[in-house]
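**Q** The structure under discussion is supplied below as structure tokens; questions concerning it will follow.
The values are calculated or read from the model by the stated rules, or taken from the named source; none is laboratory data. Nothing here was measured: the structure is a model prediction, and the numbers come from that model. For neighbour counting, all protein chains shown are included, and Cβ atoms are generated from backbone atoms with ideal geometry for every residue, glycine included.
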Amino acid sequence: MRVALTRLRRLASLTAATVAMAVLAGCHTDMWHQPKAKPQGANVFFADGKTDRTPVLNTVPVGNLRKDDAFYTGKVGNKPVPQIPVRVTRELLQRGQQQYEAFCMPCHGKVGDGQGMIAQRGLALRRPPATFHTDRLRNMPVGYFYDVITNGFGVMYSYASRIEPEDRWAIAAYIRVLQLSQYTKREQLTPEDLKKLQEETTNTESKP
């Protein structure tokens, strides 16, 4: 019995050694020390001495074709579009509110008056965060807000890498909602809105 176990052990050791030799023989150092061009490395083959090649003119990465200028830039003919190029729904406005509160509210404030927490906590600049409730911005085409979100403005940096195009339009739509919430003429209100306004005014005046 002991002789059989000894033979099995010797056979197992011999098998393991054979496998190890076969593996080592297949992994020659040339497999990882082979000539290759590394990104941003020098390359005497090209006239400019660089390995990286400039993409062919008008090359577009797969899945990144941007043919709709109005949707992807907020402009047509270098002018901001006057209307949102997507269907405005309750869901879009709710998404806009969510994204606005995540990215814009810290500076521009909950109602868009430029009194966000960052502004209140000492953002001392020659040009403080903008309020959306000025005649200039109320009359600005909606594509303007999309463009500012995309490219930044003043000390506000670009949010293009943080906010997808669809969400930029959602935010722009919500900014319009904020503007209407703070500046709506009486004649623009529906009878139902006028009734609610009158009730709220009455309740406010009746309080001590």
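**Q** Give region 87-102 a look and list any residue that's under 19 Å from ALA160 (Cβ atoms), surrounded by fewer than 15 Cβ atoms within 10 Å (Cβ to Cβ) and not small (Gly, Ala, Ser), or say none. Write out each step before concluding.
**A** If we filter region 87-102 for residues that are under 19 Å from ALA160 (Cβ atoms), which is where we start, we get 95-96, 98-100, 102.
Of the ones still in play, those that are also surrounded by fewer than 15 Cβ atoms within 10 Å (Cβ to Cβ) are 98, 102.
Result: GLN98, single match.
**Q** Run down GLN188, GLN179 and say which single residue is out of contact with any Phe, Trp or Tyr (no Cβ under 6 Å at 6 or more places or on another chain) and more than 19 Å from VAL86 (Cα to Cα).
**A** On the way: GLN179 fails: out of contact with any Phe, Trp or Tyr (no Cβ under 6 Å at 6 or more places or on another chain).
The unique qualifying residue is GLN188.
**Q** Also: Looking at this structure, is GLY41 of a type outside the set (A, V, I, L, M, F, W, C) and at pLDDT 95 or above?
**A** no
**Q** Moving to a separate point now. Only residues that are under 15 Å from ALA173 (Cα atoms), more than 21 Å from the chain's Cα centre (by Cα) and surrounded by 15 or more Cβ atoms within 10 Å (Cβ to Cβ): list them for region 103-153, please.
**A** VAL111, PHE132, HIS133, LEU137, MET140, PRO141
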